[in-house]
Amino acid sequence: MLEVENLSVAYGAVQALKGVSLRAETGSITAVLGANGAGKTTLLRAISGLVSTQTGTVRFGSRTLTGMPVERIVQSGVGHVPEGGLVITELTVAENLELGAAWRYGRRERARHLNEVYDLFPALKERSSQHASSLSGGERQMLAIGRAVVSHPSLLLLDEPSLGLAPIITANLMAVLLELTRQEDLTVLLVEQNARSALSIANWAVVINLGTVVVSDRAETVAADSDLRHHYLGF
Amino acid sequence: MRLFVNITLGGVAEGLIFSSVALGLVLIFRATNIINFAQGAMAMLTTFIAFSVLGKGVGYWPAFLVALACGLLLGGVVQLTLVRPVQNKPPLNAVIVTFGLLIFLEGIAGAIWGNTNRGFPAAFSQKGLVVGKTAVAFSHFDIFIVVAVLALSILVGVLFRFTTVGLRMRAAAFAPEAARLLGVRVGRLLTLGWALAAVAGALAGLLVAPTSVFSPGYMDLILVYAFTAAVLGGLDSPLGALVGGVITGLALAYVGGYLGGSLQPIGALVLLIVVLMIRPEGIFSQPTARRV
Ligand SMILES: Nc1ncnc2c1ncn2[C@@H]1O[C@H](COP(=O)(O)OP(=O)(O)OP(=O)(O)O)[C@@H](O)[C@H]1O
Ligand SMILES: [Mg+2]
């Protein structure tokens with residue numbers, strides 16, 4: 001269970017989050033939706049410690065994450081797929097994955113966990129020794145996700161994983177996420193511009209507008225509310 | 001012909017010394033985007049420590065190891081105390097800090113050991129080898145230089161290419177934020193990077209000292225040449241540092257041998273300008289990795 005309470009973040013004079021609170025149940029997917037600049041990325045970055053918070057706490061399970069350095073948060077089982085993926089282009093596909101697994105697994109175990117990722121994303125297997133700079137946008141996105149799940153996190157933060165992907169690939173991706181969540185008792189926060197596809201797999205939805213939570217409800221309820229959809233989600 | 005061979009051999013040995021200083025500059029630059037102007041002065045300090053240890057009569061090799069160990073420690077301490085506070089500040093801050101450290105270390109060394117020119121012993125004979133019946137300008141000590149610098153380069157190469165620590169160091173250098181999101185303790189690796197760089201420097205200090213006058217400023221000119229070598233190699237490529245050092249050493253040897261030793265610093269400058277004009281990213285730099 002992830003509990004975010006009264007989280008505020010500012011970049012200089014820009015108040016990006018104003019007292020955001022939300023909960024995400026273990027084994028569920030929570031879609032985090034909202035317009036450009038709403039504060040979705042900032043929320044994820046605050047949870048994984050990449051930006052410092054003014055007020056509020058983030059608890060995951062029995063741990064308080066607030067104030068911990070990023071790498072310790074990651075090592076408490078938080079996987080973060082940042083906006084744009086940020087694969088390390090100077091390293092090969094396999095090296096990117098190795099790095100994701102290295103804090104948790106010894107050399108011998110890593111090979112097995114890398115293979116799990118290759119099963120999820122066969123395209124990566126064929127390119128395992130290629131530099132990540134040679135991957136297509138969709139392949140990079142797969143690598144970014146593979147790199148985060150290879151260490152079997154218990155909380156997965158995904159920032160627009162479908163960015164720039166063809167609809168069919170997005171659908172595949174969503175299916176993979178659903179499968180991972182079911183298999184691994186994973187808690188997922190899924191930030192998406194593509195609200196429709198996010199709502200199709202999410203259990204819960206949180207809509208953020210100008211740094212505050214405006215709606216927090218079951219995904220079906222949000223998807224069914226046409227006023228809300230028109231107003232905040234544009235479909 | 002004999003002159004040419006001798007000059008070439010001397011150039012290679014001299015160049016490999018530049019390589020080891022350049023390797024230190026590159027390790028630091030690619031990890032922290034900082035040019036360490038104190039790289040030579042730090043090497044000078046560890047070599048003077050070895051000099052004092054030698055004075056206690058412990059023999060060359062223990063003193064050699066003491067210098068390398070002090071380098072490891074000094075590099076780590078410098079990073080933790082001086083460099084970390086300026087790490088994410090404007091680049092000029094780091095320039096001032098490392099340049100200040102250069103002046104500070106040379107001042108300290110002058111105060112402790114005096115500014116007189118001394119001699120530093122060599123590990124092996126510096127007399128030219130005899131091949132057939134002719135003596136060449138390449139000594140046992142020069143062979144030691146080649147072996148030591150190549151061994152260090154191979155060690156660094158293996159560390160980066162084949163170990164998990166090396167993988168983490170590369171990730172931390174190329175993409176610190178992405179690396180942190182993968183559980184890499186970037187801060188620690190930067191300290192380790194400085195420590196390794198200072199070991200490379202300490203080795204260079206020990207290799208240069210017997211071939212020149214030994215005083216607190218004896219690494220100054222070497223740093224200039226090593227910087228030339230590092231830029232030649234692309235500033236972020238360890239292999240580039242190695243090759244860049246040899247090219248610089250050869251170029252300076254030919255200038256010195258055929259045109260006169262006093263022209264060498266100008267030769268280095270010309271080389272630097274030519275490289276910056278023809279291939280500003282250096283010979284071995286991966287363009288995607290370059291951030292300046
Ligand atoms: N590094 C930064 N410095 C200053 N302001 C920032 C910074 N990052 C984000 N902001 C501002 O904070 C607000 C929230 O940004 P954030 O990136 O969290 O939005 P978002 O919901 O992820 O938007 P998008 O859907 O476009 O990715 C915006 O007004 C943005 O301009
Ligand atoms: Mg965003």
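The values are calculated or read from the model by the stated rules, or taken from the named source; none is laboratory data. Note that this is a predicted model, so its numbers are computed, not measured. Here the Cβ positions follow ideal geometry from the backbone for every residue, glycine too, while neighbour counts run over all protein chains shown. Heavy atoms of the whole protein, side chains included, go into the accessibility calculation; ligands, DNA and RNA do not. Shrake-Rupley method; radii C 1.70, N 1.55, O 1.52, S 1.80 Å.
Is it the case that A:R127 is buried (at least 18 other Cβ atoms within 10 Å of the Cβ) and at pLDDT 95 or above? Spelling it out, A:R127 is indeed buried (at least 18 other Cβ atoms within 10 Å of the Cβ) and at pLDDT 95 or above. Listed by position, the strands (runs of 3 or more DSSP E) contained in the stretch A:151-229 that have at least 1 residues being within 14 Å of chain B (Cβ to nearest Cβ) and within 16 Å of ligand 1 (Cβ to nearest atom) are A:155-159. One residue stands out in the stretch A:142-164 among those that are over 25 Å from A:E25 (Cβ atoms) and open to solvent by 10 Å² or more (accessible area, probe 1.4 Å): the one that is farthest from the chain's Cα centre (by Cα), namely A:G164. If only residues of the stretch B:229-252 that are more than 11 Å from the chain's Cα centre (by Cα) and closer than 29 Å to B:R118 by Cα are counted, the one that is surrounded by the fewest Cβ atoms within 10 Å (Cβ to Cβ) is B:L250. One residue stands out among those in the stretch B:115-163 that are among the hydroxyl-bearing types (S, T, Y) and surrounded by 17 or more Cβ atoms within 10 Å (Cβ to Cβ): the one that is nearest to the chain's Cα centre (by Cα), which is B:S153.
Restricted to the stretch A:1-115, the set of helices (runs of 4 or more DSSP H) holding at least 1 residues that are within 16 Å of ligand 2 (Cβ to nearest atom) and open to solvent by 30 Å² or more (accessible area, probe 1.4 Å) comprises A:40-47.
Taken as a whole, the condition of being out of contact with any helix residue (DSSP H, G or I) (no Cβ under 8 Å at 6 or more places or on another chain), outside any strand (DSSP E or B) and closer than 23 Å to B:I28 by Cα does not apply to B:L74. Is the stretch B:164-185 home to any residue that is open to solvent by 30 Å² or more (accessible area, probe 1.4 Å), basic (K, R) and out of contact with any helix residue (DSSP H, G or I) (no Cβ under 9 Å at 6 or more places or on another chain)? Taking every residue of the stretch B:164-185 in turn, none turns out to be open to solvent by 30 Å² or more (accessible area, probe 1.4 Å), basic (K, R) and out of contact with any helix residue (DSSP H, G or I) (no Cβ under 9 Å at 6 or more places or on another chain). Scanning the stretch B:87-108 for residues that are under 19 Å from the mean Cα position of the chain (by Cα), more than 21 Å from B:R188 (Cα to Cα) and open to solvent by less than 100 Å² (accessible area, probe 1.4 Å) returns B:V95, B:F99, B:G100, B:L101, B:L102, B:L105, B:E106.
Answer with yes or no whether A:S226 is crowded, with 21+ Cβ neighbours inside 10 Å and small (G, A, S). The answer is no for A:S226.
Only residues that are away from every other protein chain (no Cβ under 11 Å), hydrophobic (A, V, I, L, M, F, W, C) and in a helix (DSSP H, G or I) were counted across the stretch A:116-142, and they come to 5. Scanning the stretch A:14-34 for residues that are within 9 Å of ligand 1 (Cβ to nearest atom), of a type outside the set (S, T, N, Q) and over 21 Å from A:M174 (Cβ atoms) returns A:V14, A:A16, A:L17.
Just checking, which of B:A94, B:A109, B:A69, B:A122 is part of a helix (DSSP H, G or I) and within 19 Å of B:S212 (Cα to Cα)? Exactly one of B:A94, B:A109, B:A69, B:A122 is part of a helix (DSSP H, G or I) and within 19 Å of B:S212 (Cα to Cα), namely B:A109.
When A:A102, A:A10, A:A35, A:A46 are checked against the criterion of being within 30 Å of A:F235 (Cβ to Cβ), hydrophobic (A, V, I, L, M, F, W, C) and modelled with pLDDT of 95 or more, a single residue qualifies: A:A46. Per the listing B:L68, B:L73, the residue uniquely touching a residue at least 12 places away in the same chain (Cβ under 8 Å) and touching a Leu at 6+ places or on another chain (Cβ under 7 Å) is B:L68. Taking (1) away from chain A (no Cβ under 13 Å); (2) in contact (Cβ under 8 Å) with a residue 40 or more places away in the chain in turn, B:L189 satisfies each apart from (1).
Evaluation of A:L178 against the conditions (1) crowded, with 17+ Cβ neighbours inside 10 Å; (2) away from ligand 2 (no atom under 16 Å from the Cβ) shows that the sole unmet condition is (1).
Residues in the stretch A:136-193 that are modelled with pLDDT of 85 or more and of a type in the set (G, A, S): A:S136, A:G137, A:G138, A:A144, A:G146, A:A148, A:S151, A:S154, A:S162, A:A171, A:A175. Comparison of B:A230, B:A204, B:A171, B:A226 shows that the only residue that is at negative phi, assigned to a helix (DSSP H, G or I) and within 14 Å of chain A (Cβ to nearest Cβ) is B:A171. If we scan the stretch B:235-243, do we find a residue that is closer than 24 Å to B:L3 by Cβ and touching a residue at least 60 places away in the same chain (Cβ under 8 Å)? Scanning the stretch B:235-243 turns up no residue that is closer than 24 Å to B:L3 by Cβ and touching a residue at least 60 places away in the same chain (Cβ under 8 Å). Taking first residues from the stretch A:73-101 that are more than 7 Å from chain B (Cβ to nearest Cβ) and partners that are open to solvent by less than 10 Å² (accessible area, probe 1.4 Å) and part of a strand (DSSP E or B), the Cβ contacts under 6 Å between residues at least 6 apart in sequence or on separate chains come to A:V78/A:L155; A:G79/A:L156; A:V81/A:L158; A:E83/A:D159.
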